[in-house]
Each structure stands twice: as structure tokens, then as C-alpha cells.
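A quick write-up on the structure given underneath.
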Amino acid sequence: MHRVKVISGHLSSYPPQGGNRKCNIDHCRARAAVSGPEDVVVVHGRRTAIGKAKRGLFKDTTPDELLSAVMKAVMTDMGLSPDRLGDVCVGNVLQPGAGAVMARIAHFLSEFPETVPVYTVNRQCSSGLQALFNIAGAIKSGSIDLGLACGVESMSLQEMGNPGDLSPRLVDFEKARACVVPMGITSENVAERFGISREKQDAFAVSSHQKADRAQRSGRFEAEIVPVVTRVTDAEGTESTVTVLKDEGVRPSTTLEGLGKLRAAFRPDGSTTAGNSSQVSDGAAALLLGRRSAVEALGLPVLGVLRASAVVGVPPDMMGIGPAYAIPAALEQAGLIVADIDVFEINEAFASQAVYCVEKLGLPLDRVNPNGGAIALGHPLGCTGARMAVTLLHELQRMGRRGYGVVSMCIGTGMGAAAVFEYPGP
């Protein structure tokens, strides 16, 4: 009961007075964005298949190899020399130093010249999207004309759970203590505070697998996935060469009855289970961004236009609500409303928080994760934001007309991120 009161106190005056985080976004005025030579555009994006951590075909593959596969594929697809790039930013969470050395090695494995710089960024689950924001910012500022935004994670080779060296004084500060609350407990907090039932969570999880299965069987992911040739060692110690072409986490046989038999994973009386949570995974993604004028001068295509980006803070022990505040902030910046958006890609860290965000914002379910989300596809932490942007832009392109899409996710320690993209049409 005390914990419920604490959580209620976090939210009773949230968002802060005077802030601009409006959840009632239906009052925003929609307007068509005006294109111009200074627009930040996405030229192309590819990703690896998403592998099951510890058990899948990428379990023995180092993250520099995963990252190199997508970096090289994007540039090769566009027939563009890597020396055209002004910078490369890579999102990563689990590698030491956010993978700074790993990223530079991937750079050279991709045969990029030493004159092109590279750096990494860690904003936890939004790291891949933050890499895109960083490259977009460099383009907007005039520092570069073209850049590569990437994300990568091997959850097979690095463990979660070590928060680093922290002050013992954190116990004296409620919000600081909340930053080390396990992610599964934050999911339970959201479910308890907002009444997201086990049944709703399981139904959302089943839907994720069904949508991902349909997308996989119909070939919707083929254009975005880079085939990766790698080596894997089986339980008997036999090593073999494989080509990884397909997301491994999709379970078309998932049913409500089956999920209902799973035990709660984080609290004995909880509702968050392994079946209605995101999967731990391995994967990488990369997107080529540029200033519209530079892109057109090189004769490159425009796959999408970045119309808005937002990152917001929320209570750390309720971190899953982040998209419910980041999406309105990004939509307001873009001058759009929910009804203008054709596709919402919302990271399914947990079904509890995804359901809450969908219900809070009144999002049409048929526009949310139409090809499944992290519950079915997996959530390789540093990769996810970039992977979602790749999937979103390919889905908008598949629709064959001008449209808008949103990518959003919650972030550990209490944040949310969102981006609005426009597909200009064929």
C-alpha cells in the first residue's frame, strides 16, 4: 500500500506545472510540412535479422561484425563511398564504454577510411534512435552533410544488471533509488497503478506475435534485412557456417491459453511474465541521413524526412509511461495530431506499458506496430531505436503514398523518446 501511495504521488502532479507535455493532443492543429533544402532526410536503412540471445544463430557473433554488416550494406546499396560521410554515430548499451572501441573496429571491418570519425551514445533503450537524433543535429547545425546513424547490441555476449559505480547516498534520494528499480518491477508498477490486467497484457502479446508472423510470411521484412554470414557453435561443440535471414523470436503458435499458464516473472502476485515482455536479443541496424540539398545533389533517393524529435523525463519507477509523454511532445513540434499518423512503432518493452500508452493516447490499434513489436521480434537494446526507424520507413514506403509515422520507446531511469517521420510518396 505504501508503494502505491508513493507511485500515486509521482503522478498526481505530472506533468510538471508549466511544462509543455500535453497528453490531450487532439487540440493540436495539423498542418502539412513544407519541404526545403535544409530538411534532414533519411536516404536508406537496413537491419540484421534479430536473433535470440544465448540460443540463436547470433549467439557467437560479436557486435562489431553485426554492426559492420549493416554499415557496409547501406553504403553499398546506395553506391556511395564511405568517405562522403561526415560522421557515424552508434547506439549501444552493454559494451564497455558504450562500445566506443567496438564501433571503431566495426568501422574498419566495413573498410571505411580512417578519416571518417565515429562515436557511440548510450541512452539505454533509445540509444539507436538517439544516434539518429545526434546525426540529424549535426546536419541541422551545418557540421556535416551526410552521416550514418546506427545501433547494435549483443545480449548474448554481455550481461545486463551492473549499473556501475554509484554513490551510497542514492538511498537518501527517492528518485535516485528509483533509478535502480529492476525494469520488470517498473512494469508491475505501471500495471498496478493504471489497472492494466494480465488478460490485456497477454492479448497484446498474442497480437504482436500474430502480426509479426503475418509480416514474416508475406515477406514484408525482406527488403530491410541484410543477410549475415556467420559461424555458430552447437551444444556438442560443432561449429558451422550459417546465413541469418529471419527474425528468430516470432512464435506463431502463441495463444492466450498458453501465455496464461506462465508464472509472473518479477512478483509472485504480479502480471508481467516472460511471455508478455520483450525478448533479449542480438542485432544491428543502420540508416543513412543527409541534408536534402546534399542528398539531391548526389542523386540519392529520399526514403523519409525527420519532422520532429523529442525526449522527455518521467518518474524512474514508472519509466514505461515515457511514450505517452514523448509522442505528444513530438507531434506538437511537427504540428500534427494522432489522426494524421499512419503508423506508430512503439517499443514493446513490456505489454503493460505499451497497452497503457496506447490507451492513454487513444491510438488506433490497427496503426500500432502493424508488423509486430519487441515482444515478438526482440529488443536488442542499443539496436532497437534504429531498427524501429528502419521498419517504420519501409512500412510507410510499402503503403505507396505520402504518410506519417512515429517511433517511440520508454527509457530506463525514467524517460521517453519519440520521432516523427514523413514518407514523401513514391
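The values are calculated or read from the model by the stated rules, or taken from the named source; none is laboratory data. Just so you know, these numbers come straight off a predicted model, no measurement behind them. Please note: Cβ atoms are built from the backbone with ideal geometry, for glycine as well, and neighbour counts cover all protein chains shown. With ligands, DNA and RNA removed, areas are computed over all heavy atoms of the protein, side chains included. Shrake-Rupley method; radii C 1.70, N 1.55, O 1.52, S 1.80 Å.
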Check your understanding: Within the stretch 167-180, can you find the residues that are of a type outside the set (S, T, Y) and open to solvent by less than 90 Å² (accessible area, probe 1.4 Å)?
Key -> L170, V171, E174, A176, A178, C179, V180
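Return yes or no: is Q201 under 21 Å from G372 (Cα atoms), open to solvent by 60 Å² or more (accessible area, probe 1.4 Å) and out of contact with any Asp or Glu (no Cβ under 9 Å at 6 or more places or on another chain)?
no
Can you name the residue in the stretch 325-340 that is within 19 Å of V40 (Cβ to Cβ) and hydrophobic (A, V, I, L, M, F, W, C) and is also surrounded by the most Cβ atoms within 10 Å (Cβ to Cβ) among such residues? Please lay out each step first, then the result.
Let us first name the residues in the stretch 325-340 that are within 19 Å of V40 (Cβ to Cβ), namely 326, 329-336.
Cutting the leftovers down to hydrophobic (A, V, I, L, M, F, W, C) gives us 326, 329-331, 334, 336.
Working: A326: 30, A329: 23, A330: 26, L331: 26, A334: 26, L336: 24.
Going through the qualifying residues, I end up with A326.
For the stretch 259-282, which positions are assigned to a helix (DSSP H, G or I) and within 23 Å of M409 (Cα to Cα)? Quick ask: steps written out before the conclusion?
Going through the stretch 259-282, the residues assigned to a helix (DSSP H, G or I) turn out to be 259-260, 274-276.
Within the stretch 259-282, A274, G275, N276 meet the criteria.
Just a yes or no: is a residue in the stretch 121-139 open to solvent by 30 Å² or more (accessible area, probe 1.4 Å), more than 26 Å from E345 (Cβ to Cβ) and either more than 19 Å from the chain's Cα centre (by Cα) or not aliphatic (A, V, I, L, M) (or both)? Quick ask: steps written out before the conclusion?
Start the filter on the stretch 121-139 by keeping residues that are open to solvent by 30 Å² or more (accessible area, probe 1.4 Å), which leaves 122-124, 134, 137.
From the residues that got through so far, the ones that are more than 26 Å from E345 (Cβ to Cβ) too are none.
No, the stretch 121-139 contains no residue that is open to solvent by 30 Å² or more (accessible area, probe 1.4 Å), more than 26 Å from E345 (Cβ to Cβ) and either more than 19 Å from the chain's Cα centre (by Cα) or not aliphatic (A, V, I, L, M) (or both).
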Practice item. Exactly one condition in (1) closer than 14 Å to L67 by Cα; (2) aliphatic (A, V, I, L, M); (3) assigned to a helix (DSSP H, G or I) is not met by V152; state its number. Key: (3)
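I'd like the full set of residues that are more than 30 Å from G237 (Cβ to Cβ), open to solvent by less than 10 Å² (accessible area, probe 1.4 Å) and either in a helix (DSSP H, G or I) or among the small types (G, A, S) (or both), limited to the stretch 30-72. Give the derivation first.
Applying the first criterion (more than 30 Å from G237 (Cβ to Cβ)) to the stretch 30-72 yields 30-47, 71-72.
Subset that is open to solvent by less than 10 Å² (accessible area, probe 1.4 Å): 40-43, 45, 47, 71.
Of everything in the stretch 30-72, those that are more than 30 Å from G237 (Cβ to Cβ), open to solvent by less than 10 Å² (accessible area, probe 1.4 Å) and either in a helix (DSSP H, G or I) or among the small types (G, A, S) (or both) turn out to be G45, M71.
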Practice item. Output the residues belonging to the stretch 364-375 that are more than 14 Å from T391 (Cα to Cα) and open to solvent by 10 Å² or more (accessible area, probe 1.4 Å). Key: P364, L365, D366
Review point. Can you tell me which residues in the stretch 160-196 are part of a loop (DSSP other than H, G, I, E, B), touching a residue at least 60 places away in the same chain (Cβ under 8 Å) and out of contact with any helix residue (DSSP H, G or I) (no Cβ under 9 Å at 6 or more places or on another chain)?
Key: P182
Study note, to complete from the structure: Checked the stretch 86-111 for anything assigned to a loop (DSSP other than H, G, I, E, B) and open to solvent by less than 10 Å² (accessible area, probe 1.4 Å); matches are N92, S110
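Of all the residues that make up the stretch 260-272, how many are touching a Lys or Arg at 6+ places or on another chain (Cβ under 9 Å) and surrounded by fewer than 23 Cβ atoms within 10 Å (Cβ to Cβ)? Walk me through it before giving the result.
Of the residues in the stretch 260-272, the ones touching a Lys or Arg at 6+ places or on another chain (Cβ under 9 Å) are 260, 264, 270-272.
Among the residues that remain, those that are also surrounded by fewer than 23 Cβ atoms within 10 Å (Cβ to Cβ) are: 260, 264, 270.
Counting residues in the stretch 260-272 that are touching a Lys or Arg at 6+ places or on another chain (Cβ under 9 Å) and surrounded by fewer than 23 Cβ atoms within 10 Å (Cβ to Cβ) gives 3.
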Exercise for review: Kindly indicate which of V250, V302 is at pLDDT 95 or above and surrounded by fewer than 21 Cβ atoms within 10 Å (Cβ to Cβ).
Suggested key: V302
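Can you find even one residue in the stretch 212-230 that is part of a helix (DSSP H, G or I), modelled with pLDDT of 95 or more and either open to solvent by 80 Å² or more (accessible area, probe 1.4 Å) or touching a strand residue (DSSP E or B) at 6+ places or on another chain (Cβ under 7 Å) (or both)?
Of the residues in the stretch 212-230, the ones part of a helix (DSSP H, G or I) are 212-217.
Retained after the next criterion (residues that are modelled with pLDDT of 95 or more): 212-217.
Add one more test, that the residue is either open to solvent by 80 Å² or more (accessible area, probe 1.4 Å) or touching a strand residue (DSSP E or B) at 6+ places or on another chain (Cβ under 7 Å) (or both), and what stays is 214, 217.
Yes, the stretch 212-230 has at least one match.
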